[in-house]
Amino acid sequence: MPEYEKAMRPEDITRLFVERSNAGDAAGVAALYEEDAVLAYPPGRLTVGREAIRDLWAKVLAGGPRFEFETPLPTLISGDIALTSTPPKDGAGARAQVVRRQPDGSWLRLLDQPEFTPPATR
């Protein structure tokens, strides 16, 4: 596996995700996740484990999508766990991730909910 830049702050993961996705680097995207991470994608399903996440992103990135950087909301940190989130540029819902500090001080995603939709109003 190539040596990838590490996320030394929880917010770095968002930038690294966009860079690696736009480069078509599914392995690089998967390297942002812990070995047993859980990704709530595709909608309504869970993708569990770095290998499965890599396989999923290889399929998604094969279509050549382009991602734009979304400015993260303030990060909540408690010890070695943090909650990161971003509001999508299209204003549809939100994205949230739980990340954990690794022994070397870097951060990796543990839980990833890339698509929240606003609740329906009555």
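The values are calculated or read from the model by the stated rules, or taken from the named source; none is laboratory data. From a predicted model like this one, the values you see are computed outputs, not experimental measurements. For neighbour counting, all protein chains shown are included, and Cβ atoms are generated from backbone atoms with ideal geometry for every residue, glycine included. Surface areas here come from the heavy atoms of the whole protein model, side chains and all, with no ligands, DNA or RNA. Shrake-Rupley method; radii C 1.70, N 1.55, O 1.52, S 1.80 Å.
Averaged per residue, region 60-103 has 63 square angstrom of accessible surface, using a 1.4 angstrom probe with ligands and nucleic acids left out.
For Gly105, what is the net charge nearby, where nearby means another residue's Cβ is under 13 Å from its Cβ and Lys, Arg count +1, Asp, Glu -1?
On the way: positive: Lys6, Arg9, Arg100, Arg101; negative: Asp12, Asp80, Asp104.
So the surrounding residues net to +1.
Taking 0.36 nm per residue of separation and subtracting the Cα-Cα distance, full extension of the segment from Ala23 to Gln102 would add 25.9 nm.
Between Phe116 and Ala40, the simple label model (points 7 Å from Cα in the Cβ direction) yields a spacing of 0.8 nm. The spacing between region 53-122 and region 1-16, judged by their C-alpha centroids, is 13 Å. Rolling a 1.4 Å probe across all protein chains gives Ile81 an accessible area of roughly 70 Å². Taking every DSSP beta bridge that has both ends in the chain, the antiparallel portion is near 85%. Residues whose amide H lies under 5 Å from that of Ala7, counting only those 5 or more places away or on a different chain, are Trp107; hydrogens are built 1.01 Å from N in the peptide plane. Working note: 222 nm ellipticity from helices only, DSSP H runs with n ≥ 4, each -39,500 (n - 2.57), summed and divided by the residues of the chain, gives -7000 deg cm²/dmol to the nearest 500. Counted by Cβ distance under 10 Å from Asp12, the other residues give a net charge of +1, where Lys and Arg count +1 and Asp and Glu count -1. Remark: region 51-68, residue by residue, has Karplus-estimated 3J(HN,Hα) of 5, 5, 5, 4, 4, 4, 5, 4, 5, 5, 6, 4, x, x, x, 10, 10, 9 Hz, where x stands for each Gly or Pro and the curve is 6.51 cos²θ - 1.76 cosθ + 1.60 at θ = phi - 60°.
With a 1.4 Å probe and all protein chains left in place, how much of the accessible area of the chain comes from carbon and sulfur atoms, in whole percent? Please report the intermediate quantities before stating the final value.
Working: 4010 of 7220 Å².
Taking all protein chains in place, the chain shows 56 percent carbon and sulfur surface.
Charged neighbours of Asp25, selected by a Cβ distance under 12 Å, balance to 0 (K, R count +1; D, E count -1).
Given the alternatives (i) 27, 15, 10; (ii) 21, 19, 14; (iii) 21, 14, 14, semi-axes √(5λ) of the Cα gyration tensor in Å as computed for this entry is given by (ii).
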